[in-house]
Each structure stands twice: as C-alpha cells, then as structure tokens.
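**Q** Pasting a structure here, questions to come.
The values are calculated or read from the model by the stated rules, or taken from the named source; none is laboratory data. As the structure is a computational prediction, the values presented were derived from the model and not from experiment. Don't worry about glycine lacking a Cβ; one is built from the backbone with ideal geometry, like all the others, and counts go over all protein chains shown.
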Amino acid sequence: MSNPLVNQIDQPLKRNTRGKKKPSDNSVSKYAAYTFLILLCLIWIIPVVFGISTSFRSQTEVVSSGFRLLPKDWTIDNYIATLTNTSTAPILRWLWNSLFIATTHTLLVVVIISLTGYGYSRMKFKGRDTLFFTLLGISFFPGVVNLIPSYKIIDAFGWVNTAWAMIIPGLAGMGNIFLVRQFMNGLPKDLDESARVDGASDFRIYLSIIVPLVKPILIVCALFSFTGSWNDFLWPVIVYTDVEKMPVTAGLLLLQDIYGNYRMIGQLMGSAILAIIPTLLLFLFAQKYFVQSINLNSGIKG
C-alpha cells in the first residue's frame, strides 16, 4: 500500500530527473576526442621512445634484431663512446657552443623585442602602424630566400666560423615583436599616464611598469628563441666549417658521416638524445608561462 505523502515527494523528484540532461549524452564525442588525442600522442611518442631505447642497445642488437621497442640488454656503451670521442666528434664541445649561442641570442632577443614592442605599442610617432605592418608582411617571406644575402653580410663582417654568425641574425624577429606588442596593447594606458604625471620618463615606464607586467610573454618568446637557435640546422651548416666551433646541430650532420653505418647507429642516437635534453628541460620548467601568456591581461590584477 503506497503512502500518499511519499508519492507527493517522489513526483517533483521524477519531474526534475526527466528535465535533466543525461550525463551520457556527450560521452560518445568525449571518448572519441580522447581516443583521437591518445592516438596522436602514441604516433608522436613511439618514435621518441624507440630512439631513446636504440641509444641503449648494443651494436650487435642494433644490427641483428628487428623492430623491438625496448632493448633486450641495456647498455651505456654508446654514451661512453660518444662522450669520450673528443677528436673527430667532440659532442661536449658542440653542446657548450650551442648553449653559449642560444643563451646569448635569447638574452639579446628579449631586450630587443621588449623595447621594440614598447615603441610600437605605447609610443606615438608618424607612420608607426604602417612601418609595423610593412615589416610584418615582409617577415612572411620564406627564410630560405635570405640565405645568400645573409651569408654575404656575415662574410663581409668576418663572422663566418664565429658565434656571431648565429647570434646576430634573427634578433628582431617580427613574430616575437608582434606577440609582445599585442600583449602590451592589452595593458591599460592609464598606467603610463599615471607614471608620467609622477615625472617618469618613457624608459622608466618601460623598465619599471611594462616589463614586469609582460614577463609571461617575454618568457614564452625567450623559450621560442632558445629552442629555435638550439635546433637551427640549415644556417649553422652553411656558416661553420671548423669542427671545434660548430653547434650541436651541425655536429650531428657530421656524425652521420662518422657513425652513419649500421654498427654505429646506437652512438648516433645517443648523440641525438644528448642534444635534446637541454630544450626538453627548458620546456618542463617554463610550460606554466604558456598558459599565462594566452590571457593578454594576465599581468593585471584586481
């Protein structure tokens, strides 16, 4: 026998349950998205895992075995042979060259793009926007078009086989300047006006107010600049012929001639893994700034 009071309470609950959207309505699209992302992740990560595992295989296993994701017997002989070869393939010297070039290039990039972005965003002068968008349009041309003129300029300055050949070109990249300018445009102009009322100069406003607020986008640009300089391959192959002065990317091309047979694939992969460690660590420590840089007003609180 049913209780009338219970039935009165159940009826509104049933109506509310019918009106609610079932949580499983979007489950198919959600699972499809997850499946697609997992497949993309596997497509990217399997070659990386195979390359890392190959660097820990013995020379005999590299030649004899077929496709195996993980080696039967782990060994560090490839890394020992790579690190101890200081005559034909000085990998540690190449890593140091790349670290010096990429770090110096990145520091100069941050200074130049922050100053340039401030000028295009906060200062007013005739033809400012026309100049900016003209340079931005020119930057869309492929970089390979400028290889010969760039080499001629570098050769005229006597920078061939020097670190300046890698450090100076690309300091004022319009892509980075565009990002910084857009980020600065998201900051209220009242900050500048208040500072000018207090007697601050443009450089004081830039250094004390604007730079701290745009730190997230500067770090992102610095990360892009560092990895771009570190991973640059075509340009260092052109401007370097001295083995001792090469960065690691040009050195890896040289290693293909030295280790480019089946019995030396493990050492070649070991050298490649050593070359990606610095940029991998940099991404791990700086990834939080990518999220901050998405919001153009992330530097403003309150």
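**Q** Here is a list: D129, D155. Which entry is farther than 16 Å from P169 by Cα, in a helix (DSSP H, G or I) and of a type in the set (D, E, K, R)?
**A** The match here is D129.
**Q** On to the next question. Any residue in region 186-209 that's of a type in the set (G, A, S): show its pairings with residues that are at pLDDT below 90 and assigned to a loop (DSSP other than H, G, I, E, B) at Cβ separation under 7 Å, as long as the two are six or more apart or on different chains.
**A** Note: pairs meeting the criteria are G186/L296; G186/N297.
**Q** Quick one: in region 133-160, of everything that is among the polar types (S, T, N, Q) and exposed (fewer than 15 other Cβ atoms within 10 Å of the Cβ), which residue is nearest to the chain's Cα centre (by Cα)?
**A** So the residue we want is S139.
**Q** Could you say whether any residue in region 72-93 is farther than 20 Å from L268 by Cβ, in the same structural domain as F178 (by TED's automatic domain parsing), part of a helix (DSSP H, G or I) and among the aliphatic types (A, V, I, L, M)?
**A** No, region 72-93 has no match at all.
**Q** Being touching a Pro at 6+ places or on another chain (Cβ under 6 Å) and touching a residue at least 60 places away in the same chain (Cβ under 8 Å) narrows it down to one of N78, N97, so name that one.
**A** Of the residues listed, the single one that is touching a Pro at 6+ places or on another chain (Cβ under 6 Å) and touching a residue at least 60 places away in the same chain (Cβ under 8 Å) is N97.
**Q** In region 225-248, how many residues are more than 17 Å from D155 (Cβ to Cβ) and of a type in the set (A, V, I, L, M, F, W, C)?
**A** The qualifying residues number 6.
**Q** Next up: Could you check how many residues of region 232-255 are assigned to a loop (DSSP other than H, G, I, E, B), surrounded by fewer than 22 Cβ atoms within 10 Å (Cβ to Cβ) and not hydrophobic (A, V, I, L, M, F, W, C)?
**A** Residues meeting the conditions: 3.
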